[in-house]
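The values are calculated or read from the model by the stated rules, or taken from the named source; none is laboratory data. As the structure is a computational prediction, the values presented were derived from the model and not from experiment. Reconstructed Cβ throughout: ideal geometry from the backbone, glycine too, with neighbour counts over all protein chains shown. Heavy atoms of the whole protein, side chains included, go into the accessibility calculation; ligands, DNA and RNA do not. Shrake-Rupley method; radii C 1.70, N 1.55, O 1.52, S 1.80 Å.
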Amino acid sequence: MSPPVLELEGVTYSYPGAAGPALTDLSLAIDAGELVVLAGRSGSGKSTLLGVASGLVPHFHGGRFSGRATVAGMDTRDHGPADLAAEVGTLFQDPETQVVMGTVRAELALPLENRGHPAGAVARGVEEAALALGVAHLLDRPTYELSGGELQRTALGAAIAGRPSLVVLDEPTSQLDPVAGDELIGVLRRLNDDFGVAIVLAEHRLERCLALADRVIAMDAGRLICDAAPDRFARWAVDAAPPLATPGAQLLAGVGAPVRVGVKGARAALAERGIQPQAAESTFSQRSAHRRPAVPPVLELDGVWHELREGRSILVGVSVSVQPGERVALMGANGAGKSTLLRHAAGLMRPTRGRVRAEGRIALLLQNPVDYLVHEKVAQEAPAAALRTVDLDPAEFGPRHPRDLSTGEKQRLALAVVLGDPEDEPPSAICLDEPTRGMDRHHKAELAAFLSRLGAAVIVATHDPEFVAAFAQRVVLLGGGKVIADAPAVEILAGGTYFATETARILGGAGGALTPEQGVALLLDSAPAGALV
């Protein structure tokens, strides 16, 4: 029997200056060919574990490390990231910090060239990685022009181009649209099946990947708290760790059905109870974005175009208005124009045609929260009142370096920075670009509740339909730089597939149920007598 591709024995690790360890006496083994999902709330130690696997912990971050970590037969105490890179492909939460070359083609070729592959093998590896990840059309595009999702796929392509024995990924679908996210998970499964590559994948949106996993490892406060097959993990999470339970698991548990992962498994579990959710006719409708406002809007884009010098258009005649206090979600595929629209709304970009009108201050939080963090301590970044507003305790987080926060914590800190002191004049509208990246379900629910009670208009660009269902009153769906639909959230999220919540997909859009709570109420009302006893 071959040795594990990754083995940790009693690993304890603390970041420099941290009050306590990020990992505590952690022992686990991952065999060649396993596809493992890492689950856990923000700050539970998932990213640190992946850092151990890549050698960045402790060689890059420093700090105190004890125990032993072996990767592909190499002890990480003796082998740093450069040695491990030949066997470990890595994709972290911030792909913009990993992409270093000027074009996508050069980025995919770099790891192959560093390993001494001949020119023909490099060209073949680049082409295969680009086709697998849907970036073949971007090969000669400058990397500085890529969207967040395109950067993420490019960084993943570089990680897998050399077919390493282990690939570790930290929230790899966080910036991808639903189609690209599903395709990425499929690529990982194929890489795992065809070449025996071990995959370790840290995710918060577990409904995307549990059905394809061999095993789930859950962490809390740097310790392993569950190591089980996906169905067993789902049953465990409902009772022992509700923040880790998927919407489908919550729905099934709520009606007393067997808890299983995936839409197909959930429907089978309901069928065993005599319940066959009927797919409703799609409630999706194309609705004009030009609506007569009841009061003057705080933000209005009127026929906005954004055209590049080479002739490509990112925005094509976009007209959207936002009322005071309205909560709007921007959805659409990667490259649809969501981020560009937000930049125009905040005045960072000027339209080549059309007009943008705004009342008051428009606050903007872009995709990379690190861009907003410039000081040595969290307390220097934002006032204590602003930190408390985003659920960062000033006493706990104030003395820490922003770099040492989890991605979800960095996101909340950056939000505190753009919101500013609550004593000052608040913004009239707040624009957020993928604000839930790196956030667990608990903090996403808190963010949705926080944004809902702000009073200001809020426009959020996101790929997360569960967050949209909890937060948005209205969805503007973009495609190819155009407004494809502008409608109440239920019309967009209930009747489809890629932009639907897991509850809506399980129930086929029946009753417009978007959340597990709505789904449970619907099933309890409509189930045959005795079926849910």
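Summary table below
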| quantity | calculated |
| --- | --- |
| Of the criteria (1) modelled with pLDDT of 90 or more; (2) at positive phi; (3) not charged (D, E, K, R), which one Gly274 fails | (1) |
| Test: Gly10 is surrounded by fewer than 16 Cβ atoms within 10 Å (Cβ to Cβ) and of a type outside the set (Lys, Arg) | yes |
| Test: Gln250 is part of a helix (DSSP H, G or I), of a type in the set (S, T, N, Q) and crowded, with 19+ Cβ neighbours inside 10 Å | yes |
| Count - residues of the range 266-276 that are farther than 14 Å from Gly508 by Cα and touching a helix residue (DSSP H, G or I) at 6+ places or on another chain (Cβ under 7 Å) | 1 |
| The range 397-427 - residue that is closer than 17 Å to Ala346 by Cβ and open to solvent by 30 Å² or more (accessible area, probe 1.4 Å) and, of those, modelled with the highest pLDDT | Val417 |
| Criterion: touching a residue at least 60 places away in the same chain (Cβ under 8 Å) and farther than 20 Å from Ala180 by Cα - qualifying residue of Gly508, Gly480 | Gly508 |
| Options Ala69, Ala39, Ala53, Ala82: the member that is at pLDDT below 90 and of a type in the set (A, V, I, L, M, F, W, C) | Ala82 |
| Of residues in the range 466-514 being of a type in the set (Ser, Thr, Tyr) and open to solvent by less than 30 Å² (accessible area, probe 1.4 Å), the one farthest from Leu315 (Cα to Cα) | Thr503 |
| Filter result (under 15 Å from the mean Cα position of the chain (by Cα), under 19 Å from Gly481 (Cα atoms) and in a helix (DSSP H, G or I)) within the range 141-156 | Gly148, Gly149, Glu150, Leu151 |
| Counted residues, the range 319-350 - those being open to solvent by less than 40 Å² (accessible area, probe 1.4 Å) and more than 18 Å from Val417 (Cβ to Cβ) | 21 |
| Residue satisfying all of: in the range 384-395; open to solvent by 30 Å² or more (accessible area, probe 1.4 Å) and in contact (Cβ under 8 Å) with a residue 40 or more places away in the chain; nearest to Leu151 (Cα to Cα) among these | Asp391 |
| Matching helices (runs of 4 or more DSSP H) fully within the range 375-429 where at least 1 residues are under 18 Å from Val460 (Cβ atoms) and in contact with a helix residue (DSSP H, G or I) (Cβ under 7 Å, 6 or more places away or on another chain) | 384-389, 407-419 |
| Count - residues of the range 206-217 that are open to solvent by less than 10 Å² (accessible area, probe 1.4 Å) and in a strand (DSSP E or B) | 2 |
| Which listed residue, of Glu203, Glu171, Glu183, is within 26 Å of Phe467 (Cβ to Cβ), open to solvent by 20 Å² or more (accessible area, probe 1.4 Å) and modelled with pLDDT under 95 | Glu183 |
| Filter pass, Ala123 being at pLDDT 90 or above and either surrounded by fewer than 22 Cβ atoms within 10 Å (Cβ to Cβ) or not in a helix (DSSP H, G or I) (or both) | yes |
| Condition met for Glu107 (open to solvent by less than 20 Å² (accessible area, probe 1.4 Å), in a helix (DSSP H, G or I), among the acidic types (Asp, Glu) and at pLDDT 85 or above) | yes |
| Residue check for Glu446: within 18 Å of Leu364 (Cβ to Cβ), among the charged types (D, E, K, R) and modelled with pLDDT under 90 | no |
| Residues of the range 21-57 classified as without any contact (Cβ under 8 Å) to a residue 40 or more places away in the chain and in a loop (DSSP other than H, G, I, E, B), total | 1 |
